[in-house]
Each structure stands twice: as C-alpha cells, then as structure tokens.
Amino acid sequence: METLQLLFQGFAVSLDPMNLLWAAVGVTIGTAIGVLPGIGPSLTVALLLPVTSALEPTAAFIMFGGIFYGAMYGGSTTSILLNTPGESGAIVTAIDGHAMARKGRGAQALATAAIGSFVAGTIATLAMTFVAPAMVSFALLFGPAEYFGLMVLAFVTVTAVLGTNLALGMASLMLGLTLGLVGIDNQTGAARLTFGIPELLDGIDVVIVAVGLFAIGEALYQASRYRYEKEEIYALKGSLWMSREDWRRSWKPWLRGTIIGYPIGSLPAGGSEIPTFLSYVVEKRLAKNPEEFGHGAIEAVAGPEAANNASAAGVLTPLLALGLPTSATAAIMLAAFQQYGLQPGPLLFENDPQLVWGMIASLYIGNVFLLLLNLPMAGVWVKLLLVPKPWLYGGILAFATLGAYSLNNNIVDLVLLWIIGIGGFGMRLLNVPVAPCIVGLILGPMAEQHFRRALAISQGDLSVFYNPMTHPLAVSLLALAAAFLLVPLVLRLRRA
C-alpha cells in the first residue's frame, strides 16, 4: 500500500508541466538516437551530462529514463527497414523484421514492435515499481563489509559480462580504479597521482571520463568505420495497421517476451541481447509454422521487441535499488547520479523519494508518449538516416568538447577529455569494453572507503570479509563475485 502511495506522489511530480516536457524531450531524443545506427543511449546520456549539470536532478533523470526507453523503441526501425540494428537489443528483430519489409509488410512489423514495446515496457515498469522497494529492504541490512562485497560483485559482473575477453575487461576496470585514485586521499590528506597539477587535486571529473570514453571515443570509432555506400531503405507500403490475424499472432509473444526480458535484464549477466535471442528461440519452438521464421514471421518481431523493452526496466531496477549497473547505459546513469552527488540505493529511496518515484512514474508516461511517437511517425524517423554521417559525428565531437569545457571552464579538462577520448577510441579498436572503466572510476573510491571502514570497525580483523557466521551477506556477495570469475574459466578449460 505504501508503494502505491509513493507511486501516486511520483505521478504528481512527473505530471508537473516542466517534467512532462523533459519526459517528452527524452523519449524523442531516445527514439532518434535509437534509429541512428551506432549512436546508442550510453553515448547520448554521456554527451548530455555536461549540458544537464545545471538542470534540476529530478528533471534530468526523467529525461535520461526517457532516452533509455526511447532508444529501445527506435532501434527496431532501422532493423526492419534497413537491416541495420540501431541498438544491440534489436539484432534479432532484423532477421524477420527486414524479411517482412521486403515483402511489403514493414508497417505491420513496425506496428507490432511499437505496441509490443508499449505492453512490455508498461508491465515491466509495473514490476519494477514493486521489486525495487523489496530490493531496498534487503539492502538496508548492509554494513560496510556488505557494501564492499556488493561493489566487488559490481566490478566483476560488469567486467565479465560487458565484453568478450575477461582479461581485457579487467584491464579496463584497473584503468578506472587507477583514475579513481587521482586526487587527495580523504583519510590521510595525501595527494595521489596528481603529478604536481593543482587541477587534479579534486580528482578527475566523472563526466569528463564518461564523455571522453563514450562520446569522443565512440564517435571516432564510428567515423573510422564509415563507408561512402548507399544503403537501401525499404519504403512503407499499404496499410499502416495490423490485421486481426497479426493481433492474434502477436499478443502472446508480447507477454512471453515481457516475462523473459524483465528478470534477465535485472541480472548482472542479463542486458538486452540474451532475452531477445531467448525470446526468438521460444517463439520458434511454440510456433505452429516454424518454417516461417527467418522469412517474415511476425512472432519473431513481437516477442524479441517485447523482451528488449522489458529488459530496460530490468536494468534500472538493480541500478536504483542497489547502485548495481548491469549495462553500459546503467554505468553512464551511475555517472549521472555521481554528477549530482547522489548514490543509488536505499539512501536514495529514503532521502530523495521525489526523484526516485518521479522517475519511475515518468516511465509509465514515457511509454504512452513513445507509442504516440512511433506508430504514426515511423516514416519521419526513417528520414533521420539521410543525415550525412560526417556531419553527425563532427557535431558529436564539437558538442562534447564544448560541453566538457563548460563544466569548469578549465583547459586541463579539455586535455584530459581528448586524451581519454583517443584512449577510448583505441579501446574500441581493440574490443576492450569501456563500461568497466566507468564503474571502476565511480565505485572504486567508495569500495576503498567501505573497505577501510569495515577494517576500522573490526579493528583490523580481515575475517569480517570471509566469516559466514558473523557476516553471511558479505561472504555470499564475495563468493558470488568469485563464481562469476571462475565459472567461465572452468567451462573454457573443460571445453579445451
């Protein structure tokens, strides 16, 4: 009952005219960047961090939530009409969605993707409304040792999951942890890794690193892969609405995709790729005509798109309740919280309920906005693909540079931005995941602080981290982190 009261208060916040405006701006930007291949929500949120630093936090996170949800919607447009996924979660949609477009049924594919996204997004947001407070109640049991265990779990899961090579992921994490050490040690007052530069005494701004890695690095990488080739876009033909048969074949995949997407999205190893592939396999197994799959089966669009959007709510649940990022976009949103001096978790729900519940309520409203944007305006979004790519990438680089300089009007920030940006470009070329670097930078100092505090309370007794009798939660979290590291290695060795 208390949860519903808080949700109604959140609606009062999100229905404020200015917050409604920011929600509309967020979903519009999100849909646009979802349509553009290579420009994902993580890059966009990173790019907007300097611009939104003066914005009221509730309005900023309402917009960021809208961008995240909108990108999940928009990614299906290019998958269906261009056979180029705008987002990684839309890869599966391209298989049958583009086949439908080649048969002149692109409009129906876009319609089932949009309606399925609305259904899944709404149900998954409803699940988040009740699951997140339950996670918060669990997290209230945490002390310094438990928080240290949780942050080690975050380090390991993000490193092991967001990349194809564990060693490269660990290298990225170590880079982030090293950057987090720069500045004055809060306990001893000693300067660390400042190299005599006064501007580094306060540490490296998280926004500079996020914009450098995700905006500068990603824009340089996408520009380096650009080829002057004309891409064939399939025009929308015939009726723009689903037939009764399309509805009959789509509603069950929407629900099944939601059931698959939300829980997997909330897991550290989840994301949007696994549930969309799993949904495709489930729909093919349950289909009366499995031979249609790969040749334009509408179920193969409805189910994965629902799973894709449900996973977005799943990603936000552990981020808000525990401060645990399970995707690159969640890592950037963690940086956004850091920008405002906020830490997701139980204290955020207690100290800033207006922000948390206003953001959650805005996701319901954003889903409605997205349905209204995507159904009648699919043809308009496709025209974004006509924007010359050199203009797009050049604009991103200029906007990122100006935004970073406006933070502190400091030339050192610009130098750092481009050093980190070129480093991020190199990481993308070498297939090194960049999200662990951001997580290490943000959570590293906190993990150090909780580690020291736990040792101070136990008077230097290290058993606080491995004694299951006195600290079962801390031991369980550290054991889970060890399992994430060791199980893939053991499986790889067995296969070898």
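Here the helices (runs of 4 or more DSSP H) wholly within segment 95-196 that include at least 1 residues being closer than 30 Å to F369 by Cα are 106-139.
Take segment 140-155 and flag every residue that is aromatic (F, W, Y) and either open to solvent by less than 30 Å² (accessible area, probe 1.4 Å) or free of Cβ contacts under 8 Å to residues at least 60 places away in the same chain (or both). Don't jump to the end; show me each part of the working.
First, the residues of segment 140-155 that are aromatic (F, W, Y): 142, 147-148, 155.
Scanning segment 140-155 gives F142, F155.
Does G66 fit the bill of being at pLDDT below 80 and either surrounded by fewer than 24 Cβ atoms within 10 Å (Cβ to Cβ) or out of contact with any strand residue (DSSP E or B) (no Cβ under 6 Å at 6 or more places or on another chain) (or both)? Taking the combined requirement at face value, the residue does not satisfy it.
For A331, indicate whether it is surrounded by 21 or more Cβ atoms within 10 Å (Cβ to Cβ), within 24 Å of G257 (Cβ to Cβ) and small (G, A, S).
Values: surrounded by 21 or more Cβ atoms within 10 Å (Cβ to Cβ): yes; within 24 Å of G257 (Cβ to Cβ): no; small (G, A, S): yes.
So A331 does not fit the description; no.
Applying the selection to segment 447-464, what residues are open to solvent by less than 40 Å² (accessible area, probe 1.4 Å) and touching a helix residue (DSSP H, G or I) at 6+ places or on another chain (Cβ under 6 Å)? A447, H450, A454, S458, V464 - these are the residues of segment 447-464 that are open to solvent by less than 40 Å² (accessible area, probe 1.4 Å) and touching a helix residue (DSSP H, G or I) at 6+ places or on another chain (Cβ under 6 Å). On inspection, A310 qualifies as at pLDDT 85 or above, assigned to a helix (DSSP H, G or I) and either open to solvent by less than 10 Å² (accessible area, probe 1.4 Å) or in contact with a strand residue (DSSP E or B) (Cβ under 6 Å, 6 or more places away or on another chain) (or both).
Tell me, yes or no, whether segment 378-388 has at least one residue that is part of a loop (DSSP other than H, G, I, E, B) and either at pLDDT below 85 or within 18 Å of F142 (Cβ to Cβ) (or both).
So in segment 378-388, the residues part of a loop (DSSP other than H, G, I, E, B) come out as 387-388.
Still in the running and either at pLDDT below 85 or within 18 Å of F142 (Cβ to Cβ) (or both): 387-388.
Yes; the residues of segment 378-388 include at least one that is part of a loop (DSSP other than H, G, I, E, B) and either at pLDDT below 85 or within 18 Å of F142 (Cβ to Cβ) (or both).
Selection over segment 274-307 of residues that are under 23 Å from A101 (Cβ atoms), modelled with pLDDT under 85 and within 17 Å of the chain's Cα centre (by Cα) gives a count of 1. Go through segment 419-433 and give me each residue that's among the small types (G, A, S) and surrounded by fewer than 20 Cβ atoms within 10 Å (Cβ to Cβ). Listed by number, the residues that qualify are G423, G426. Looking across G341, G323, one residue alone is open to solvent by 40 Å² or more (accessible area, probe 1.4 Å) and small (G, A, S). It is G341.
Name the single residue, out of those in segment 393-418 being of a type in the set (S, T, N, Q) and in a helix (DSSP H, G or I), that is surrounded by the fewest Cβ atoms within 10 Å (Cβ to Cβ). Let's see the steps before the verdict.
Taking segment 393-418 as the starting set, the residues that turn out to be of a type in the set (S, T, N, Q) are 401, 406, 408-410.
Those left that are additionally in a helix (DSSP H, G or I): 401, 406, 408.
Values: T401: 18, S406: 13, N408: 15.
That would be S406.
For A474, the test of being open to solvent by less than 40 Å² (accessible area, probe 1.4 Å), of a type in the set (A, V, I, L, M), more than 19 Å from G203 (Cα to Cα) and part of a helix (DSSP H, G or I) is passed. The requirement of being at pLDDT 85 or above, closer than 30 Å to G189 by Cβ and assigned to a helix (DSSP H, G or I) is fulfilled somewhere in segment 420-429, by at least one residue.
Checking each residue in segment 119-147 for being over 21 Å from F451 (Cβ atoms) and among the small types (G, A, S) picks out A120, G121, A124, A127, A132, A134, S137. Among the candidates G26, G106, the residue that is in contact with a Phe, Trp or Tyr (Cβ under 6 Å, 6 or more places away or on another chain) and open to solvent by less than 20 Å² (accessible area, probe 1.4 Å) is uniquely G106. Filtering V415, V464 for residues that are modelled with pLDDT under 80 and farther than 25 Å from A32 by Cα leaves a single hit, V464. Out of V119, V131, one residue alone is open to solvent by 20 Å² or more (accessible area, probe 1.4 Å) and closer than 21 Å to E350 by Cβ. It is V131. With respect to the conditions (1) farther than 25 Å from L82 by Cβ; (2) at pLDDT 80 or above, L141 falls short on a single one, namely (2).
Answer with yes or no whether Q338 is outside any loop (DSSP other than H, G, I, E, B) and of a type in the set (S, T, N, Q). Full working, then the answer.
Details: outside any loop (DSSP other than H, G, I, E, B): yes; of a type in the set (S, T, N, Q): yes.
Taking the combined requirement at face value, the residue satisfies it.
The values are calculated or read from the model by the stated rules, or taken from the named source; none is laboratory data. Since the structure is predicted, the reported quantities are computational estimates derived from the model, not experimental observations. Every residue, glycine among them, receives a Cβ derived from its backbone with ideal geometry; neighbour counts consider all protein chains shown. Heads up: the accessible areas ignore ligands, DNA and RNA and are worked out on the full protein's heavy atoms, side chains in. Shrake-Rupley method; radii C 1.70, N 1.55, O 1.52, S 1.80 Å.
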